[in-house]
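Novice: Take a look at this one; I'll ask things after.
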Amino acid sequence: MPGNGDSLTRLRVAITVFFALDGFVFAGWVVRIPAIKEQTGASASALGLALLGVSAGAVVTMILTGRLCRRYGNHQVTVVCAVLLSLSVALPPLAHSALALGLVLLIFGAAYGGINVAFNSAAVDLVAALGRPIMPSFHAAFSLGGMIGAGLGGLVAGALSPTRHLLLLTVVGLLVTAVAGRTLLRCEPPAPPERT
């Protein structure tokens, strides 16, 4: 059906955008780590422990997100996690100690882990429906988003404070989520083709 093909194409574009957004936001945060380290006055070891917050938050959420996707749908969970990721990337400049940084990075890591599980789940459903190995294109979008986020972050690092830069990432993230999320929420998760 042409209509179904159009729907799958729109779905593929929306999922691709979320992969790219994830890379963009994460790379933008990474660029500002040296400035955040200076702001908190953390030692190298304290900063390393604080950065574990990202991984800890991600691991906990990744365990739970599968259940949330089964209950509410991976499209809905992707959009919610994208909103949380966009909001939480603005939190690190508010931290003025390694402990506070570690706590806000738990939130950021939770959103990051959640969106990765959710949009990968959505991508797997789409791959099954299309019957073609398109997963590498999604991962390429993540890498491209990361390249753009790191490149732009490096360019603006001298002109913008971490607070303004990461707040700008929040605004971009929310705008992109509003546009791509609308498409994603309108598309039903595709059913895998029937085997004959």
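Novice: Going by alpha carbons, how many degrees (0 to 90, nearest 10) lie between the helix axis of 135-156 and the longest principal axis of the chain?
Specialist: 30 degrees
Novice: Further, regarding this structure: Using only helices, what value at 222 nm comes out for the chain when you add -39,500 (n - 2.57) per DSSP H run of length 4 or more and divide by the total residues, to the nearest 500 deg cm²/dmol?
Specialist: -29000 deg cm²/dmol
Novice: Using all Cα-Cα distances in the range 4-182, what percent lands in each 10 angstrom bin from 0 up to the longest?
Specialist: 11, 37, 34, 14, 4, 0
Novice: Okay, moving on. Have a look at Ala150, Ala35, Ala14 and tell me which one the Gaussian network model of the chain (Cα, springs below 10 Å) gives the largest fluctuation.
Specialist: So, out of Ala150, Ala35, Ala14, the one fluctuating most is Ala35.
Novice: Given the options Gly151, Val179, Ile33, identify the residue whose Cα lies farthest towards the positive end of the charge dipole of the chain (+1 on Cβ of Lys, Arg; -1 on Cβ of Asp, Glu).
Specialist: Val179
Novice: Here is a follow-up. Working out 0.36 nm times the residue gap between Ala44 and Ser161, then minus their Cα-Cα distance, what length gain in nm do you get to one decimal?
Specialist: So the chain would gain 40.0 nm between Ala44 and Ser161.
Novice: Between Ile33 and Leu174, what FRET efficiency comes out of the Förster formula 1/(1 + (r/R0)^6) with R0 = 22 Å and r the beta carbon distance, rounded to 0.05?
Specialist: For R0 = 22 Å, the calculated efficiency reads 0.45.
Novice: Using 0.36 nm per residue of separation minus the Cα-Cα distance, give me the extension gain between Ala140 and Ile63 in nm, one decimal.
Specialist: Working it through step by step, the gained length comes to 25.2 nm.
Novice: How large a share of the accessible area of the range 4-182, in percent, is made up of carbon and sulfur atoms when the probe is 1.4 Å and the other protein chains stay in place?
Specialist: 72 percent
Novice: In addition: For Leu94 and Arg132, what does the FRET efficiency come to when R0 = 41 Å and r is the distance between their Cβ atoms, rounded to the nearest 0.05?
Specialist: 0.40
Novice: Could I ask something else about it? Distance between the C-alpha centers of the range 50-98 and the range 100-153? Whole Å please.
Specialist: Cα centres, the range 50-98 to the range 100-153: 12 Å.
Novice: Put +1 on the Cβ of each Lys and Arg and -1 on the Cβ of each Asp and Glu in the chain; which of Ser7, Leu47, Leu87 then has its Cα farthest toward the positive end of the dipole?
Specialist: The residue sitting farthest along the positive end of the dipole is Ser7.
The values are calculated or read from the model by the stated rules, or taken from the named source; none is laboratory data. All values derive from a computational prediction rather than experimental measurement. Cβ coordinates were reconstructed from backbone atoms using ideal geometry, including for glycine residues, and neighbour counts include every protein chain displayed. Accessible surface areas use protein heavy atoms only, side chains included; no ligands, DNA or RNA. Shrake-Rupley method; radii C 1.70, N 1.55, O 1.52, S 1.80 Å.
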